[in-house]
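Down below is the structure, laid out as structure tokens.
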Amino acid sequence: MAKLLYAAAMSLDGFIAGHGGDMHWLTDHLGPNPLADELVDGVGALLVGANTFRGDDPNKGTDSEGAFGGRWHGPQFVLTHRPPDEPVPDTTFLDDLDAAVTAAKAAAGGKYVNVLGANVAKQCLEAGVLDEILVFVVPVLLGDGVRVFWHPGGTDVRLDRIRLVDTANALWFRVAR
């Protein structure tokens, strides 16, 4: 059964995107990462938020454009109430979280559904369907931007560590149920 994984690069001060959703901050910090390479092969589908789908790819216009620096190709499911007028190859637009999760899991087979976008990841967490979280901590302080799992008033989500990978500055957790 496919699992939902939220995998993201995050600044040390907790931002996954800079001010206004800017992702160009990440460009200077990309490089060889064996854990990210391993992850690409384990992803069977993407569940993407609308802002991320329409957002700011730091590799736009290059051979590295797209998920995982352009190295991943396959079905993606975009959660949105405003699908584009023209079809997008390998992309299904849905306006219901449960339907999007079900479709993405079916398409992923036994591999991961990688969640892209802070808002859709938060929705998955709140709905109790997010299974794992992988964070690559980038040694930079952004000071402003899009926070990972921002929840006004706070919340208490328990996580169990699966893996700690020093060479990738990565923390991998299972969402405790």
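Values quoted throughout were computed directly from the atomic coordinates according to the rules given, and no laboratory measurement underlies them. Every value quoted in this text rests on a predicted model; they were computed, and no experiment measured them.
If you work out P(r) over Cα pairs in 10 Å bins from 0, in percent from the coordinates, which of (i) 10, 39, 40, 11, 0; (ii) 9, 34, 32, 19, 6, 1; (iii) 9, 28, 26, 18, 10, 6, 3, 0 do you get?
Only one listed value fits the structure, namely (i).
Connecting C-alpha atoms closer than 10 Å in a GNM of the chain, tell me which of 46, 141, 94 has the biggest fluctuation.
141
Enumerate the amide H contacts of residue 138 below 5 Å, restricted to partners 5 or more residues apart or on another chain; note that Pro and chain-start residues carry no placed amide H.
Hits under the 5 Å cutoff: 10, 11, 12.
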